[in-house]
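J.: So that we are looking at the same thing, I have put the structure below in structure tokens.
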Amino acid sequence: MHRRFIVAGNWKMHGSRDTVMRLVKGITDGAAVSSDIDIVLFPTYVHLAQVHALLQGTAIVCGAQNLYPGTQGAFTGEVSGPMLVDAGCCYALIGHSERRAILHEGLELVAAKFQAAQQAGLIPLLCVGETQAEREHKQTEQVIAQQLASVMEKVGAEAWSQAVIAYEPIWAIGTGLTATPEQAQHVHAFIRAYIAKQHVAIAGGIRILYGGSVKPDNAAQLFAMPDIDGGLIGGASLDAKSFLAICAAANKSAVMA
Ligand code: PEP
């Protein structure tokens with residue numbers, strides 16, 4: 001089955017109005033050559049409206065790094081799915097490992113956020129992945145199965161048809177360590193097979209991105225693997241040249257597929 005590649009940039013808590021403007025301009029100036037893939041940018045909440053405005057007239061879309069699972073009300077400091085749609089978002093990152101670890105987001109809350117994103121009309125980009133210790137104890141598949149199961153129990157297997165998954169081994173995020181293409185492929189195939197147990201057709205179509213220190217010099221090998229459908233890029237997405245080089249590598253894989 002043909003799956004359109006996605007390259008997504010997770011800007012985390014970085015940027016000012018000025019750097020955001022220059023980064024988006026750098027990306028949009030060079031992105032036209034990567035027209036066979038989808039490109040998504042995830043700025044902070046405060047830069048969303050600015051980024052959305054700068055992306056007008058391009059094929060690049062933006063998403064939010066988080067949301068609160070409610071529509072409105074007395075939730076000081078939180079932002080809801082409908083508000084993000086109103087600000088121009090198409091996607092929402094759900095369950096990023098930094099939120100699971102630093103903000104103590106548990107399986108139930110992540111599942112509730114996934115559901116809230118879909119109810120608002122956003123495409124959830126669900127992040128799953130294991131720690132170094134879990135990998136060493138050969139618990140990678142068990143941990144990822146649990147992360148997928150908690151979402152599936154909440155929303156049902158059909159919901160995967162309107163979602164994207166990112167496999168992000170926690171030991172590879174921001175560390176400069178990358179899973180080898182074979183290690184990543186193994187887990188991506190496991191994720192697809194796990195979803196296929198519930199729904200074969202949806203499993204064949206769902207896009208599974210790899211994230212964890214993807215750089216211009218390792219992107220092509222990762223994107224050549226059969227179950228890797230693009231990348232979720234942290235550090236390298238803050239530099240237009242690096243991000244565009246990764247987009248170009250994905251575009252090349254897309255064209256060859
Ligand atoms: C991420 O934060 O999702 C990520 C993959 O970061 P990095 O590319 O910096 O490892």
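J.: Would you work out the charge dipole size for region 6-256 about its Cα centre, treating the Cβ of every Lys and Arg as +1 and the Cβ of every Asp and Glu as -1, and quote it to the nearest 20 debye?
T.: 260 debye
J.: Write down the radius of gyration of the chain and its Dmax, each obtained from C-alpha positions, in Å.
T.: Computed over the Cα atoms of the chain, radius of gyration and Dmax are 16.9, 51 Å.
J.: Moving on. Convert 10 °C to kelvin, take the viscosity as 1.306 mPa s, use the Kirkwood radius over C-alpha pairs of region 22-171 as Rh, and evaluate the Stokes-Einstein diffusion coefficient in µm²/s, rounded to a whole number.
T.: So the translational diffusion coefficient is about 97 µm²/s.
J.: Give me, ordered by chain and number, the residues 5 or more places off Gly231 or on other chains with an amide H under 5 Å from its own placed amide H.
T.: The list, which skips near neighbours in sequence, is Ile6, Val7, Ala8, Tyr210.
J.: Next question. Can you bin every Cα-Cα distance in region 80-233 into 10 Å intervals starting at zero and give me the percent of pairs per bin, rounded to whole numbers?
T.: All Cα pairs considered, the percentages come to 11, 42, 36, 10, 0.
J.: Mind listing the phi-derived Karplus ³J(HN,Hα) values for region 2-16, rounded to whole Hz, using 6.51, -1.76 and 1.60 with θ = phi - 60°, and x for any glycine or proline?
T.: 6, 10, 6, 5, 10, 10, 10, x, 9, 7, 6, 9, 10, x, 10
J.: Applying the Karplus parametrisation 6.51 cos²θ - 1.76 cosθ + 1.60 with θ = phi - 60° to the phi angles of region 209-215, what ³J(HN,Hα) value in whole Hz is obtained for each residue in order, glycine and proline being reported as x?
T.: Result, ordered by residue: 8, 9, x, x, 6, 6, 9 Hz.
J.: Of the listed pairs Lys113/Lys197; Lys154/Lys215; Lys138/Lys241; Lys138/Lys252; Lys138/Lys197, which have alpha-carbon separations greater than 29 Å here?
T.: In this structure, Lys154/Lys215; Lys138/Lys241; Lys138/Lys252 exceed 29 Å between Cα atoms.
J.: Tell me, what ³J(HN,Hα) does each residue in region 190-207 have, in order and in whole Hz, if you take phi through Karplus 6.51 cos²θ - 1.76 cosθ + 1.60 with θ = phi - 60° and put x for Gly and Pro?
T.: Rounded to whole hertz, the list is 4, 4, 5, 5, 4, 6, 4, 5, 9, 7, 4, 5, 5, 4, x, x, 6, 8.
J.: Of the heavy-atom accessible surface of the chain (probe 1.4 angstrom), what whole percent is carbon and sulfur?
T.: In the chain, the share of accessible area belonging to carbon and sulfur is 57 percent.
J.: Further question on the same structure: Hey, what's the chain come to in accessible area per residue, 1.4 Å probe, Å²? Working shown, then result.
T.: Values: 11460 Å² over 257 residues.
Per-residue accessible area for the chain comes out at 45 Å².
The values are calculated or read from the model by the stated rules, or taken from the named source; none is laboratory data. None of the values given here were measured: they were computed from a predicted structure. When we count neighbours, we look across all protein chains shown, and the Cβ atoms used for this are built from the backbone with ideal geometry, even at glycine. Calculation scope for accessible area: heavy atoms of the full protein, side chains included, ligands and nucleic acids excluded. Shrake-Rupley method; radii C 1.70, N 1.55, O 1.52, S 1.80 Å.
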